[in-house]
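The values are calculated or read from the model by the stated rules, or taken from the named source; none is laboratory data. A quick note: this is a predicted structure, and the numbers were derived from the prediction, not measured. Cβ coordinates were reconstructed from backbone atoms using ideal geometry, including for glycine residues, and neighbour counts include every protein chain displayed.
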Amino acid sequence: MLLGVNIDHIAVLREARKINDPNPLDAISICKLAGADQITIHLREDRRHIHDKDAEIICKLSPLPVNLECAIDEEIIDIVCDLKPMRATLVPEKREEVTTEGGLDLITNFDRIEKAVKKLHKNGIEVSLFIDPNKQMIEASSKLNVEWIELHTGSFANIYAMLYSNLANTHHTIKELELPRDELKKLLDKSKKEIKKAALKAQDLNLKVAAGHGLNYQNVTQITSIKAIEELNIGQSIIARSVFTGLEKAIKDLKELL
């Protein structure tokens, strides 16, 4: 299974002090040496971490393929077309969110997304859609003629964390899921089955399948068991571990789990 290392959180650490250290570009060679298969970055509309110059230099100099996550905003799509990463992953954005909280609504935004996809394809960029794992979104993705989908694993990850960590003490608490452990285990199993079903449906429609969001060293093997998923994009947990182990070892530790 392929691993895309999302290096946004290196830029998050830099932005905490508004200086030029650490530089996300410095991570690229380490990611390659550690066995990463691609670099993933998210150029958000509010530029809260990765900046335009980061994206420009990374797309120009990275020895690994670059997967650039972005909103469907026309200005952002124009920037991506100029940068020409290997892949653009279209994601929803809300300024007030801490991190991406769900998949794209392909039905409501079909025309805007179709326009963005066509423009990206015209510029030689393959396209992935970050979507929730359900049949309706898979079928809409196929109609949009994209190469990839990326299944949003956030709900699965949150349920897993409520079972096996102190998630209830964080802002990610899911009030409606404050249930007995046996009920949470049922919900976790249901969530995993939904991801697997969506991946198999996408595979049947000749879509390549990636997954990501909230995946970490504890929960990732439950997703790697789904053979229809070809790639995982993981960032926060890798960068968090690297503080203690170094980035190369953090990546290698995760690659062993894949």
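Matching residues to (1) of a type outside the set (Lys, Arg); (2) free of Cβ contacts under 8 Å to residues at least 40 places away in the same chain; (3) farther than 17 Å from LEU232 by Cα; (4) out of contact with any Phe, Trp or Tyr (no Cβ under 9 Å at 6 or more places or on another chain):
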{"residue": "ALA11", "(1), (2), (3), (4)": "yes, no, yes, yes"}
{"residue": "ARG17", "(1), (2), (3), (4)": "no, yes, yes, yes"}
{"residue": "GLN38", "(1), (2), (3), (4)": "yes, no, no, yes"}
{"residue": "ARG48", "(1), (2), (3), (4)": "no, yes, yes, yes"}
{"residue": "ASP52", "(1), (2), (3), (4)": "yes, yes, yes, yes"}
{"residue": "GLU69", "(1), (2), (3), (4)": "yes, no, no, no"}
{"residue": "PRO85", "(1), (2), (3), (4)": "yes, no, yes, yes"}
Answer yes or no: is there a residue in the range 51-62 that is under 12 Å from VAL127 (Cα atoms) and among the hydroxyl-bearing types (Ser, Thr, Tyr). no
Out of curiosity, is LYS119 modelled with pLDDT of 95 or more and more than 30 Å from LEU61 (Cβ to Cβ)? no
Checking ASP21, ASP37, ASP8 in turn, the sole residue that is surrounded by fewer than 21 Cβ atoms within 10 Å (Cβ to Cβ), closer than 20 Å to HIS213 by Cα and either in contact with a Pro (Cβ under 6 Å, 6 or more places away or on another chain) or charged (D, E, K, R) (or both) turns out to be ASP37
I'd like the residue in the range 127-158 that is part of a strand (DSSP E or B) and out of contact with any Ser or Thr (no Cβ under 7 Å at 6 or more places or on another chain) and, out of all such residues, is nearest to LYS84 (Cα to Cα). VAL127
So GLN203, is it in contact with a His (Cβ under 7 Å, 6 or more places away or on another chain) and surrounded by fewer than 20 Cβ atoms within 10 Å (Cβ to Cβ): no
Count of residues meeting criterion [in a loop (DSSP other than H, G, I, E, B) and under 19 Å from THR89 (Cβ atoms)] in the range 200-218: 6
Of residues in the range 62-78 being in contact with a Lys or Arg (Cβ under 8 Å, 6 or more places away or on another chain) and assigned to a loop (DSSP other than H, G, I, E, B), the one nearest to LYS115 (Cα to Cα): ILE72
Would you be able to tell me the number of residues in the range 178-199 that are at pLDDT below 90 and surrounded by fewer than 17 Cβ atoms within 10 Å (Cβ to Cβ)? 6
Could you give every pair whose Cβ atoms fall below 6 Å, whose first residue belongs to the range 121-132 and is on the phi > 0 side of the Ramachandran plot, and whose second residue is of a type outside the set (Phe, Trp, Tyr), counting only separations of at least 6 or pairs across chains? none
Please tell me if ILE50 is at pLDDT 95 or above, in a loop (DSSP other than H, G, I, E, B) and either touching a Leu at 6+ places or on another chain (Cβ under 7 Å) or not acidic (Asp, Glu) (or both). yes
Scanning the range 58-92 for residues that are surrounded by fewer than 18 Cβ atoms within 10 Å (Cβ to Cβ) and among the acidic types (Asp, Glu), which turns out nearest to ALA210 (Cα to Cα)? ASP73
Kindly list, by first and then second residue, each pair from a residue in the range 146-158 that is touching a residue at least 60 places away in the same chain (Cβ under 8 Å) and buried (at least 24 other Cβ atoms within 10 Å of the Cβ) to a residue that is among the charged types (D, E, K, R) and assigned to a helix (DSSP H, G or I), limited to pairs with Cβ atoms under 8 Å and residues at least 6 apart or on different chains. PHE156/LYS192
Flagged pairs (Cβ under 7 angstrom, 6 or more apart or on separate chains; first in the range 236-250, closer than 25 Å to GLY154 by Cα; second basic (Lys, Arg) and part of a helix (DSSP H, G or I)) are ALA250/ARG241
Do you know which residues across the range 223-254 are of a type in the set (Asp, Glu) and surrounded by 19 or more Cβ atoms within 10 Å (Cβ to Cβ)? GLU231
